[in-house]
């Protein structure tokens, strides 16, 4: 009697193959001129599965150039920048219909009602105080990344 080697048939199906393909990461663009805050936000984003920091700008002009030439899912804006400001950037993006589908978030120390109203005018649904609401930004990005999956 001889032993025969029996090999199981391959069981790969389209469903199991699809389950191994990960959803694309949310592409995040950060407009922030403070190196300390950029590092803090970058480190925080790295802890959220499904988030990819895909671009950074320190000035209004640099941000506009990058936003006009690349697609992003989420854009995080500071209001006060080294050169220019986030409100002007939001105004130009709205006027020129640049990044219309991106989720826009303002993270700033300038949290007065005037700034909040201006941001609402430019379709910014999320506005967070850097000093008091940083954790809310993290929670929002976590929720957005889970929706993407």
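The values are calculated or read from the model by the stated rules, or taken from the named source; none is laboratory data. Model, not experiment: these values are computed from the prediction. Glycine also receives a Cβ, built like all others from the backbone with ideal geometry; neighbour counts cover every protein chain displayed.
Quick notes on this structure:
- For residue 17, the stated conditions do not hold, so it cannot be described as exposed (fewer than 14 other Cβ atoms within 10 Å of the Cβ), modelled with pLDDT under 95 and assigned to a loop (DSSP other than H, G, I, E, B).
- The residues in the stretch 73-91 that are buried (at least 17 other Cβ atoms within 10 Å of the Cβ) and either on the phi < 0 side of the Ramachandran plot or assigned to a strand (DSSP E or B) (or both) can be counted, and the count is 13.
- Members of the stretch 93-106 that are out of contact with any helix residue (DSSP H, G or I) (no Cβ under 6 Å at 6 or more places or on another chain) and either assigned to a loop (DSSP other than H, G, I, E, B) or surrounded by 14 or more Cβ atoms within 10 Å (Cβ to Cβ) (or both): 93, 94, 96, 97, 100, 101, 102, 103, 104, 105
- Residue satisfying all of: in the stretch 113-135; within 20 Å of residue 34 (Cα to Cα) and surrounded by fewer than 14 Cβ atoms within 10 Å (Cβ to Cβ); modelled with the lowest pLDDT among these: 131
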